[in-house]
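Shown next, in C-alpha cells, is the structure this report addresses.
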Amino acid sequence: MIYLDNNATTFLDNDVVICMQQLMQKTLGNPSSIHHFGQEAKNVLYHSMKEVADFFDVSVNELLFTSGATESLNTAILGLEKCPHIITSALEHSAVLLPIEAMKKRGAKVTELVPKKGFGSITLQQVQEAYCTETKLIVLMSANNETGIETEIAKIALFAEEKEVLFLVDGVALLGKERIDIPAGVTAICFSSHKIHGPMGVGLLILRKKHKISPLIYGGPQQNSRRGGTENIIAIAGFARALKCLQKYPQAPDLMRFLRDGFEKKLLELFPEIVVHGLHEKRVCNTSNIYFPDVDGETFLMQLDLAGIAVGLGSACSSGGLMPSKVLVHMGLSEKIARSSLRFSLSRFTTAEEIDQTIEIVARLLKR
Ligand code: PLP
C-alpha cells in the first residue's frame with residue numbers, strides 16, 4: 001500500500017513507538033502524587049514539557065496539552081469571556097468554525113473572510129479592512145490542510161500586535177513542513193501530534209499571557225488549573241519524541257517538495273487538462289490538490305484504493321460524506337470541480353519509487 005493521505009494522519013515514527021513502549025513498561029504513578037512513583041511520573045512529564053517548550057522556543061508555562069488540535073482550538077476560542085467581534089476565514093477547519101458559531105450565539109459578531117483574488121489565502125489587507133474597534137480576536141490557519149496554501153501569518157501578527165487584538169493560529173498543517181517561528185503578535189497557536197508521526201489523542205496549545213481563558217474542562221489543578229484531568233504522560237512523551245524526530249530529519253521538507261513537485265510536473269506533462277490547485281501560490285511542501293476533469297473524485301479515490309494507493313478527498317472529517325470540499329468551493333471553484341479534486345499528501349517516509357508507482361497507476365486509471 002502507498003499512503004498519500006498524510007494530512008489526515010501519519011503513521012507513528014518507530015522512535016516514537018520505542019519511546020512510548022519503554023514508558024508503558026514502567027510503573028508510573030500519577031504525576032500529582034507525592035510518593036516516589038508520582039514523582040517519577042512528574043519527572044517524565046516535566047522532561048517532555050521541557051523538550052516541547054525548547055522546540056517552540058517558549059516557556060513551559062505557556063504550554064497546554066490537550067486531546068488534539070480540536071480541543072486546543074475550542075479552548076482558545078470558547079475560553080474567552082467577552083468577544084464582541086471575531087475575524088476568521090471560511091477556509092478554516094471545522095474545529096475553528098463550529099466554536100466560532102457557538103460564540104455567535106453568545107453575541108459575538110463574526111467576519112468570515114474568503115480569498116479575494118479567487119484562489120489563494122487571506123491577506124493582511126483583508127484583515128485590516130475587516131478590523132474594527134470591537135475586534136477582539138483573529139483566528140486563521142498558517143497553512144490550509146486541503147490545498148497546502150500558506151497564510152501571511154507574520155504580517156498579520158504585526159498588525160494584531162499593533163491593534164492589541166488576540167491572534168489564534170491553527171498551526172496544524174505547517175508543523176513538520178517548515179520551521180516554526182511564533183511571532184510576538186500570535187497570542188495562541190495550536191498543533192496536533194498525530195499529524196507529525198506522533199500518537200493520536202494529544203495536542204498542544206501554546207498560550208501567551210495576553211490570551212486569558214477560562215478552562216473548557218474543569219477538574220483538578222493540573223496544568224495550572226487551565227485543564228483539569230490527569231495528564232496523558234505517555235502520549236505527551238510520544239509527541240515530544242515526534243518533535244525531536246523532526247529535528248533529526250532537517251532535510252525532509254526539501255525532499256518532500258522535490259517529490260511533490262516532480263509528481264505534479266509529470267502528471268501535468270501526461271495530462272495537460274488537469275489543474276493543480278494553488279500551483280503558483282506559496283504552499284507547504286507535501287500537499288498536492290488536483291482537479292481531474294470529468295472524473296468523479298470519490299469513485300477515483302476508491303479505484304486508487306483498490307490499486308493500493310490511499311489519498312484524500314478534502315478534509316478528513318468530510319471524507320466518507322458526499323459533500324464537495326467547502327474549502328475549494330469557498331476558493332471560488334464550482335462544486336463540480338471540487339467533486340473532481342483529490343488531495344495527495346506526502347510524508348518524510350514517502351519514497352521516489354512510491355511516487356513513480358502512483359504516477360503510473362493514476363495514468364493507467366485516467367486513460368481507462
Ligand atoms: N486543524 C487542521 C488544519 C487540521 O487539519 C486538523 C485535522 O485534520 C485539525 C485542526 C484537528 O486536529 P485533531 O485531529 O488533532 O483534533
* Asked: Counting only residues that are free of Cβ contacts under 8 Å to residues at least 24 places away in the same chain and surrounded by 10 or more Cβ atoms within 10 Å (Cβ to Cβ), which one in the stretch 20-33 is nearest to Asn232 (Cα to Cα)?
  -> Gly29
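What number of residues within the stretch 199-226 are in contact with a Leu (Cβ under 7 Å, 6 or more places away or on another chain), within 20 Å of Glu51 (Cα to Cα) and either within 16 Å of the ligand (Cβ to nearest atom) or of a type in the set (Gly, Ala, Ser) (or both)?
4
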* Structure fact -> Only one of Ile100, Ile87, Ile77 is aliphatic (A, V, I, L, M), more than 16 Å from the ligand (Cβ to nearest atom) and in contact (Cβ under 8 Å) with a residue 12 or more places away in the chain, namely Ile87
* To do: Assess whether Ile189 counts as being away from the ligand (no atom under 11 Å from the Cβ) and over 24 Å from Leu346 (Cβ atoms).
  => no
* Asked: Taking the stated definitions as given, is Lys212 open to solvent by 10 Å² or more (accessible area, probe 1.4 Å), of a type outside the set (Ser, Thr, Tyr) and within 19 Å of the chain's Cα centre (by Cα)?
  -> no
* Sole residue being within 13 Å of the ligand (Cβ to nearest atom), of a type in the set (D, E, K, R) and under 26 Å from Phe239 (Cβ atoms), chosen from Glu71, Glu62 -> Glu71
* To do: Determine if the stretch 128-147 includes at least one residue that is within 30 Å of Ser347 (Cα to Cα), in a helix (DSSP H, G or I) and either open to solvent by 10 Å² or more (accessible area, probe 1.4 Å) or within 11 Å of the ligand (Cβ to nearest atom) (or both).
  => no
* To do: Would you check if there is a residue in the stretch 51-68 being open to solvent by 40 Å² or more (accessible area, probe 1.4 Å) and touching a Ser or Thr at 6+ places or on another chain (Cβ under 9 Å)?
  => no
* Structure fact -> Apart from one, (1) within 22 Å of Gln22 (Cα to Cα); (2) touching a Gly at 6+ places or on another chain (Cβ under 7 Å); (3) within 15 Å of the ligand (Cβ to nearest atom) all hold for Leu246; the odd one out is (3)
* Only one of Leu268, Leu259, Leu246, Leu255 that is touching a residue at least 60 places away in the same chain (Cβ under 8 Å), under 26 Å from Tyr3 (Cβ atoms) and open to solvent by 40 Å² or more (accessible area, probe 1.4 Å) -> Leu255
* Asked: Residues in the stretch 96-106 that are within 14 Å of Leu216 (Cα to Cα) and open to solvent by 10 Å² or more (accessible area, probe 1.4 Å): how many?
  -> 1
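The values are calculated or read from the model by the stated rules, or taken from the named source; none is laboratory data. Bear in mind that the values here come from a model prediction, so they are computed numbers and not experimental data. Here Cβ is always computed from backbone atoms with ideal geometry, including for glycine, and neighbour counts include all displayed protein chains. The protein model used for the area step is the full one, side chains on, heavy atoms only, and it has no ligands, DNA or RNA in it. Shrake-Rupley method; radii C 1.70, N 1.55, O 1.52, S 1.80 Å.
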